[in-house]
Amino acid sequence: MSRNFKFKPKPLKTLKYEQPKTQLLFELFTIGSVIKRLPAHLPFPEVSKMPTVVHWFRLDLRLHDNLALRNAINEAENRKHILRPVYFLNPDSIHNIGTNRLRFLIQSLQDLDANLRKLNTRLYIIKDTAINCLPKLFQKWQVKFLTVQVDIDPHLVDQDDAIEKVAEENDIFIVKRVQHTVYDVHSVLKKNNGSVPLTYQKFLSLVQDMQVKETIDINKQISECCKAEDYNSKEYDVPTLEEIGVDESTLSECKYPGGETEGLKRLNVYMSRKQWVCKFEKPNSSPNSIEPSTTVLSPYLSHGCLSSRLFYHKLKDVENGMLHTQPPVSLLGQLMWREFYYTAGAGTENFDRMVGNKLCTQIPWGENTEHLRAWAEGRTGYPFVDAIMRQLKQEGWIHHLARHMVACFLTRGDLWISWEEGAKVFENYLLDYDWSLNAGNWMWLSASAIFYKYFRVYSPVAFGKKTDKDGLYIRKYVPELKKYPSEYIYEPWKAPKSIQTKAGCVVGIGYPKRIVDHDKIHKENMQKMSLAYKNNREKKAMKRPRS
DNA sequence: AGTCATGTTGTCGCT
DNA sequence: GAGCGACAACATGAC
């Protein structure tokens, strides 16, 4: 697969395109847009009466701060063309999206459709993949203009390349907008001479003096003449969960409903707590509180229900004139971590794999299907690890430090299983799954890249006790242990048989025995890490002999 | 050029 | 009981 891993600025072509003299002209030529002039091609049968402008929604499920969408609206308005905002959802190709995330997605699409209808347009859901269907729609709808957000997930990038090719053959203008991150990651890479900043501090220094664009709003009613004749067709309605093959009765209570409306509401709730925002320090927040100790804005940011730039500006407003914490620990610092990983992901080939990934230390991970399953299903015999994995599976969100705990346990700490396996499980379960953050954080936790102090191993017994001495969190998510005395809640195997019986759960019967002995195995693993690092160093030295 | 301090988020044992 | 160094590190930038 060919991928844009080194910074290669796409040329901004000059066009001979009779633009109406509007704001659009200005918008089209601002930094971050990529516009293609494409050769003419033939018309086709069954075409719509009027030409169409399409906005292709992907990870930008919102109206606010969506410049690509506004470009589409303006173009349709100025030329009196049909406007069709579309989303491609193929029920057959959603296998790596877990049911919780699918629910979040469907809710987000419902909300998006509702918000679009307030503007006198709607969302067209196409129950197919973009690759299969967009070329046909180009002709069926007489598409002349296509707007889309720039995404960096290689799956989407590959899709883009293919679509752009087809568009080329159909004389369609494409406008791509950078609006998923605060900064244009390619500008950051360029500023760093084309290479990836490998430390957070380095990243911060690069973006320090970069301007962050103001956000925009879309709130004008769209003209009646931009409505398609199939405006009321049920064919394009947002499907129900049942229709895409999800049995809703298997899902737990919905703690984090999807959608722009929820995302904005959540943002405003937290931004109104000014003292809390200004005092926020991530490492001091608790991984095992019963209610989240952080904002849980991440699923809204990952789906684009919430604009990262809006979050940025709101945070700046709150911090303005107040004494506040600083990156990396501050709330703004959290947003910058996201930017950091996006930059690394965009600038690194094979970022989501170990082999062929320049940043990633090559480590000879083992295979153990049984252990991997036990970990994923929350039955390792370590109550804290199991509680976290069960919360993840049920609710689709766990605290960042809880992710540290279980990721360390799966990889360098205990099970010695590849971080790629863990990343796949997280991709399935997390509401806030994000391609670059997921791969980046897994490499961090497995001490494969960016973070190197592999001897800092999280103890499945000690770590949780710091913030939850009595194991209330464990009692909630591993209810079979809820009657255990606090003394044994983190290590039930140490409880005398009589106490186990009295608590109604004998280890090995009602709750699994430990699948590994942490005290022993983490020391063995550290030796393996040491060796892997040593081999890595030697390989590097071989590649770059002293001149 | 080489040295040195520094960096989101560990644990244990000793003072 | 808090604070500190040891324990199996590496990239960066200041000097």
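Structure values in brief
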quantity: Hits in the stretch A:459-504 (condition: within 16 Å of A:Pro287 (Cβ to Cβ), part of a loop (DSSP other than H, G, I, E, B) and among the hydroxyl-bearing types (Ser, Thr, Tyr)); calculated: A:Ser459, A:Thr467, A:Tyr490
quantity: Filter result (open to solvent by 10 Å² or more (accessible area, probe 1.4 Å) and either away from DNA strand B (no atom under 14 Å from the Cβ) or in a helix (DSSP H, G or I) (or both)) within the stretch A:280-301; calculated: A:Lys282, A:Pro283, A:Asn284, A:Ser289, A:Ile290, A:Glu291, A:Pro292, A:Ser298, A:Leu301
quantity: Selection within the stretch A:471-492 - closer than 17 Å to A:Gln391 by Cβ and either of a type in the set (Lys, Arg) or within 16 Å of DNA strand C (Cβ to nearest atom) (or both); calculated: A:Arg475, A:Lys476, A:Lys482
quantity: Residues of the stretch A:523-547 that turn out to be of a type in the set (Ser, Thr, Tyr) and near DNA strand C (Cβ under 9 Å from one of its atoms), as a count; calculated: 2
quantity: Failed item, numbered, when A:Lys316 is tested on (1) of a type in the set (Lys, Arg); (2) within 22 Å of A:Ser272 (Cβ to Cβ); (3) open to solvent by 20 Å² or more (accessible area, probe 1.4 Å); (4) touching a residue at least 60 places away in the same chain (Cβ under 8 Å); calculated: (4)
quantity: A:Glu377 within 30 Å of A:Asp517 (Cβ to Cβ), open to solvent by 40 Å² or more (accessible area, probe 1.4 Å) and of a type in the set (D, E, K, R); calculated: yes
quantity: Enumeration of residues in the stretch A:489-515 that are open to solvent by less than 40 Å² (accessible area, probe 1.4 Å) and within 15 Å of DNA strand B (Cβ to nearest atom); calculated: A:Tyr490, A:Glu491
quantity: Filtered residues of the stretch A:474-501 (kept if touching a Lys or Arg at 6+ places or on another chain (Cβ under 8 Å), without any contact (Cβ under 8 Å) to a residue 60 or more places away in the chain and over 29 Å from A:Gly396 (Cβ atoms)); calculated: A:Tyr488
quantity: Verdict on A:Ala449 being part of a helix (DSSP H, G or I), open to solvent by less than 10 Å² (accessible area, probe 1.4 Å) and not β-branched (Val, Ile, Thr); calculated: no
quantity: Candidates A:Trp337, A:Trp276, filtered to the one that is open to solvent by 10 Å² or more (accessible area, probe 1.4 Å), closer than 28 Å to A:Arg177 by Cβ and either at pLDDT 95 or above or in contact with a Leu (Cβ under 8 Å, 6 or more places away or on another chain) (or both); calculated: A:Trp337
quantity: Hits in the stretch A:200-254 (condition: within 16 Å of DNA strand B (Cβ to nearest atom) and surrounded by 14 or more Cβ atoms within 10 Å (Cβ to Cβ)); calculated: A:Tyr200, A:Phe203, A:Leu204, A:Leu206, A:Val207
quantity: Only one of A:Leu437, A:Leu415, A:Leu410 that is touching a Gly at 6+ places or on another chain (Cβ under 6 Å), modelled with pLDDT of 95 or more and of a type outside the set (Val, Ile, Thr); calculated: A:Leu410
quantity: Test: A:Ile174 is in contact with a Leu (Cβ under 9 Å, 6 or more places away or on another chain), assigned to a loop (DSSP other than H, G, I, E, B) and modelled with pLDDT of 95 or more; calculated: no
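Rundown of residues vs (1) away from DNA strand C (no atom under 16 Å from the Cβ); (2) modelled with pLDDT of 95 or more; (3) more than 22 Å from A:Ser289 (Cβ to Cβ), yes/no style:
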| site | (1), (2), (3) |
| --- | --- |
| A:Asn441 | yes, yes, no |
| A:Tyr458 | no, yes, no |
| A:Lys465 | no, yes, no |
| A:Lys494 | yes, yes, yes |
| A:Arg514 | yes, yes, yes |
| A:Asp517 | no, yes, yes |
| A:Ile521 | no, yes, yes |
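The values are calculated or read from the model by the stated rules, or taken from the named source; none is laboratory data. All values reported here derive from a predicted model rather than from experimental measurement. Here Cβ is always computed from backbone atoms with ideal geometry, including for glycine, and neighbour counts include all displayed protein chains. To get the accessible areas, we keep the full protein, side chains included, count just its heavy atoms, and leave off ligands, DNA and RNA. Shrake-Rupley method; radii C 1.70, N 1.55, O 1.52, S 1.80 Å.
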